[in-house]
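Trainee: Before we start, here is the structure in question, set down as structure tokens.
The values are calculated or read from the model by the stated rules, or taken from the named source; none is laboratory data. Predicted, not measured: the structure shown is a model, and the values here were computed from it. Neighbour counts run over all protein chains shown; Cβ positions are idealised from the backbone, glycine included.
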Amino acid sequence: MKKIELVDCVKFVGKEIDVYGWVESKRDHKKIVFLDLRDRSGIVQVVCDEKAKNISPEDVIHIKGIVKKRPQHLINKKIKTGEIEIEAKEIKILSRSNPIPIPIDTDGYEIKEDLRLKYRYIDIRRKRMIKNLRLRFEAMMFIRNYLHQKGFIEVETPILTKTTPEGARDFLVPSRLQKGKFYALPQSPQQYKQLLMVGGIEKYFQITRCFRDEDPRKDRVYGEFTQLDMEMSFVTQNDIINLTEGLITELVKNIFPNKHFTQTPWPKITHKEAVKKYHSDKPDLRKNKNDKDELAFAWIIDFPLFVEQNEEDFFYGSGRAKFAPSHHMFTAPHPDDIPLLSKNPMKVRGLQHDLVLNGFEVAGGSIRIHQGEIQEKVFDLIGFSKKQKQEFNHMLEAFTYGVPPHGGIASGIDRLLMALLGEKSVREVVAFPASSGGRTAVMDAPSEATKEQLDELGIKVVK
Ligand code: ASP
């Protein structure tokens with residue numbers, strides 16, 4: 001690619017170059033017209049003659065011109081290219097822009113979010129959004145390299161699959177080949193990653209999309225989100241905690257160097273203590289809540305394995321059982337508490353670990369059950385019927401063929417980045433998030449299917 005990033009124009013003083021970008025603004029001084037030309041890297045000033053009069057903001061243009069040093073008194077310290085300007089020789093309009101429906105020279109918080117999402121492709125031109133997306137990518141690259149160096153393998157798992165409950169409703173996808181049957185989009189790769197441990201992968205990770213049909217909130221994107229998912233064999237809970245803490249610490253140091261930790265190593269707080277002392281299982285432990293660069297990470301451990309099942313736990317069991325998993329149904333009970341599974345399930349501790357940051361849960365995981373009998377016992381306790389249990393037969397069967405003890409963790413990348421970037425909503429770190437009402441950005445899904453599509457699937461919509 002020959003295109004020069006506009007911030008690099010400073011390297012070409014005295015030379016003729018071609019530059020491309022959007023017109024950020026135009027200042028018309030009769031015989032001379034100044035354009036601020038913008039690309040993803042920044043802005044450069046272009047000096048044109050009257051030929052530029054018909055150019056409008058957000059037009060995409062190509063300029064051939066000479067890079068000149070500005071006289072001392074005209075240097076603009078506010079921009080990276082402030083010591084130079086481009087004297088245009090030729091101007092070509094590549095694409096005209098109508099007046100844009102939302103301003104992009106502000107941080108954008110003042111604009112109605114629905115409008116920003118409808119015109120997300122314009123909203124993304126905003127400096128803050130480009131920066132957020134760039135840092136998101138840098139973070140992903142860092143994570144992949146770090147885990148690669150630690151011997152992890154990234155393995156992709158199916159999106160069209162069977163239910164993997166994580167406490168939300170499933171999104172269903174009808175099958176055309178087997179009319180009347182449905183795939184579920186994964187709420188997480190939980191079962192697949194455990195099956196990968198049975199498969200001998202030992203150190204798995206995946207930066208993956210998870211799908212949960214749950215009510216929208218500020219700290220979650222509706223519908224889908226990105227998870228850093230990890231699973232390891234032959235590990236203790238501390239191994240998982242140390243690996244995650246090392247990874248996130250280095251991530252912060254390398255990609256978000258302005259941030260500082262309230263405390264290192266991160267404190268470990270038992271669930272009991274958290275609830276007693278902070279009345280929350282995701283306490284905000286910052287010393288100064290006004291300091292936007294303070295990061296208070298803490299581990300919460302020793303959760304009870306079960307919580308009381310309430311009506312919202314419709315997806316577990318028949319609704320008649322008293323117990324719902326505190327984390328999920330694959331979490332191992334504390335080995336000392338196994339006898340209590342029969343006697344007093346609510347007293348059983350689970351080998352669950354959650355990571356909180358500034359009052360948000362940013363990761364959670366556990367050591368898993370790897371014994372068929374215990375897994376079945378947990379299914380019974382959460383009220384699974386015989387039929388429901390059968391849906392998980394593949395797990396029970398897999399456990400009969402030599403399964404290593406294993407455990408893992410997953411971190412919601414969107415929420416973690418939201419906290420690291422100091423953003424107030426996860427939607428600020430996602431290119432095309434769904435609106436809080438569950439409509440997708442720009443494309444406005446969900447939409448109706450045609451009669452032909454429905455017929456092919458054997459589906460009738462009841463109005
Ligand atoms: N699958 C879990 C989740 O999505 C994380 C884990 O247990 O590793 O919360």
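Trainee: When the range 433-463 is examined, which residues are found to be surrounded by 14 or more Cβ atoms within 10 Å (Cβ to Cβ), touching a residue at least 24 places away in the same chain (Cβ under 8 Å) and in a helix (DSSP H, G or I)?
Mentor: Of everything in the range 433-463, just one residue is surrounded by 14 or more Cβ atoms within 10 Å (Cβ to Cβ), touching a residue at least 24 places away in the same chain (Cβ under 8 Å) and in a helix (DSSP H, G or I), namely LEU457.
Trainee: Now, a different point. Scan the range 144-162 for residues that are surrounded by fewer than 12 Cβ atoms within 10 Å (Cβ to Cβ) and aliphatic (A, V, I, L, M) and jot them down.
Mentor: Within the range 144-162, LEU160 is the sole residue that qualifies.
Trainee: Just one of ARG134, ARG144 is over 17 Å from THR249 (Cα atoms) and away from the ligand (no atom under 15 Å from the Cβ); which is it?
Mentor: Within the list ARG134, ARG144, the selection yields ARG134.
Trainee: State which residue pairs qualify: first residue without any contact (Cβ under 8 Å) to a residue 12 or more places away in the chain and of a type in the set (A, V, I, L, M, F, W, C) and inside the range 362-374, second residue within 12 Å of the ligand (Cβ to nearest atom) and assigned to a strand (DSSP E or B) in any location, beta carbons under 8 Å apart, and separation of 6 or more residues or different chains.
Mentor: Nothing qualifies.
Trainee: Check PHE432, PHE379, PHE360 and return the single one that is of a type in the set (Phe, Trp, Tyr) and closer than 16 Å to THR164 by Cα.
Mentor: Residue meeting the stated conditions: PHE379.
Trainee: Something else about it: Which one is farthest from GLU397 (Cα to Cα) among residues in the range 212-256 that are in a strand (DSSP E or B) and more than 11 Å from the ligand (Cβ to nearest atom)?
Mentor: ARG217
Trainee: If you check ASN132, ASN145, which single one turns out to be in contact (Cβ under 8 Å) with a residue 12 or more places away in the chain and outside any strand (DSSP E or B)?
Mentor: ASN132
Trainee: Quick check on the range 131-140. Is at least one of its residues polar (S, T, N, Q) and out of contact with any helix residue (DSSP H, G or I) (no Cβ under 7 Å at 6 or more places or on another chain)?
Mentor: no
Trainee: Let me ask something else. Can you work out which of the residues in the range 153-171 that are out of contact with any helix residue (DSSP H, G or I) (no Cβ under 9 Å at 6 or more places or on another chain) and in a loop (DSSP other than H, G, I, E, B) is farthest from the ligand (Cβ to nearest atom)?
Mentor: Taking the candidates together, the pick is LEU160.
Trainee: Quickly run through the range 312-340 and pick out the residues that are in a helix (DSSP H, G or I), at pLDDT below 95 and buried (at least 16 other Cβ atoms within 10 Å of the Cβ).
Mentor: ASP313
Trainee: Then there is this: Look at LYS276 and say whether it is assigned to a loop (DSSP other than H, G, I, E, B), without any contact (Cβ under 8 Å) to a residue 24 or more places away in the chain and away from the ligand (no atom under 14 Å from the Cβ).
Mentor: no
Trainee: Filter the range 84-123 for residues that are part of a loop (DSSP other than H, G, I, E, B) and basic (Lys, Arg); which is surrounded by the fewest Cβ atoms within 10 Å (Cβ to Cβ)?
Mentor: LYS112
Trainee: The conditions are (1) in contact with an Asp or Glu (Cβ under 9 Å, 6 or more places away or on another chain); (2) under 15 Å from GLU90 (Cβ atoms), and GLU24 fails exactly one of them. Which is it?
Mentor: Here GLU24 clears every test but (2).
Trainee: Can you spot a residue in the range 321-342 that is within 16 Å of the ligand (Cβ to nearest atom), free of Cβ contacts under 8 Å to residues at least 24 places away in the same chain and closer than 28 Å to LYS387 by Cβ?
Mentor: No, there is no match, as no residue in the range 321-342 is within 16 Å of the ligand (Cβ to nearest atom), free of Cβ contacts under 8 Å to residues at least 24 places away in the same chain and closer than 28 Å to LYS387 by Cβ.
Trainee: Next question, about the same structure. In the range 1-23, how many are surrounded by 19 or more Cβ atoms within 10 Å (Cβ to Cβ) and either of a type in the set (D, E, K, R) or over 22 Å from ILE130 (Cα atoms) (or both)?
Mentor: Looking only at that region, the number is 0.
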